[in-house]
1. Which value at 222 nm does the chain reach when only helices count, each DSSP H run of 4 or more adding -39,500 (n - 2.57), with the total divided by all residues and rounded to the nearest 500 deg cm²/dmol?
2. Using a 1.4 angstrom probe on the protein heavy atoms only, could you order E36, E166, E201 from most to least accessible area?
3. Need the list of lysines near K75 for cross-linking: C-alpha distance under 16 angstrom, and skip anything on the same chain fewer than eight residues off.
4. Carbon and sulfur together cover what percent of the accessible area of the chain at a 1.4 Å probe radius?
5. Pairs K48/K153; K25/K126; K48/K197: which exceed 31 Å Cα-Cα?
6. Going by Cα centres, the range 146-183 and the range 21-90 are how many Å apart?
7. Provide the percentage of antiparallel DSSP beta bridges, counting only those with both residues in the chain; round to the nearest 5.
8. Please say if the range 20-82 is rounded, prolate or oblate, where rounded means a/c under 1.5 for a ≥ b ≥ c the square roots of the C-alpha gyration tensor eigenvalues, and otherwise the choice is prolate for a/b larger than b/c and oblate otherwise?
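The values are calculated or read from the model by the stated rules, or taken from the named source; none is laboratory data. These numbers come from a predicted model, not from an experiment. Cβ: placed from backbone, ideal geometry, glycine included. Neighbour counts: every protein chain shown. These area figures cover heavy atoms from the full protein model, side chains too; ligands, DNA and RNA do not enter into them. Shrake-Rupley method; radii C 1.70, N 1.55, O 1.52, S 1.80 Å.
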Amino acid sequence: MGLMDEKIILFDWDDTLFSKAEYKKNLRGNLARICEVSEEEIFELEEKYFDNLINSGDFQIDDFVRTFSQRFNKKINLEDFSTDRLGIYSRALFPETIGVLNKLKINFQLGIYSQGFDSLQKIKIKSSGIENFFDQNLIYINRNKLDPEFIKKLPNDVIVIEDKKEVIEKLKDTGRFQLFWINRIDDQKIEGVTTIKNLGELVNLI
Ligand SMILES: [Mg+2]
């Protein structure tokens, strides 16, 4: 826990600290190997599973694993997917993530501002091995991170690092945050917001 007067940085999770594409690739590759089916078959069932979840509550890792186990009639060890035993989580961090957090933690309190299923996001944070960089009181997760009631819960005057343009624009409208847009995709910029292409740039900017 940092000092009270340390400034707070809130990081978006997916595609800011952690590559969603890399995570899904690791998940599918391991499920396909264990179930002895193609990654396409895993992908189809995974899409169906998440489509159903949107209306039916939170993600549960045991239900998720059971879905594949039952469909392909294979025994799957729950811990292979709820922990980092197979490297599914830690290998999805961007290469610069840990180095940058190590530098920023010296002068800042670090937290998370993330969208998704609460329990899935918590598994990702814990299993990726970087949970201890973050103050537990500064972990904000919501199914819709742009819900105005949820945004109200964020502390004032914090630094937010985020990859989604629409999130940056909405937060910018509140005038309450110091924003950095991480755009790994192209050369687009947002007026009045510092745009970076790699987390490493933060170290010299803040
Ligand atoms: Mg994101």
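1. Numbers: 9 runs with 86 residues, N = 206.
Result for the chain: -12000 deg cm²/dmol, rounded to the nearest 500.
2. Details: E36 135, E166 105, E201 70 Å².
Per-residue accessible area, sorted high to low, gives E36, E166, E201.
3. Those lysines meeting the cut-off do not exist here.
4. Whole-percent figure for carbon plus sulfur exposure: 47.
5. Values: K48/K153 33 Å; K25/K126 19 Å; K48/K197 33 Å.
Pairs exceeding 31 Å: K48/K153; K48/K197.
6. When both Cα centres are located, 31 Å separates them.
7. 5
8. Here the range 20-82 falls in the rounded category.
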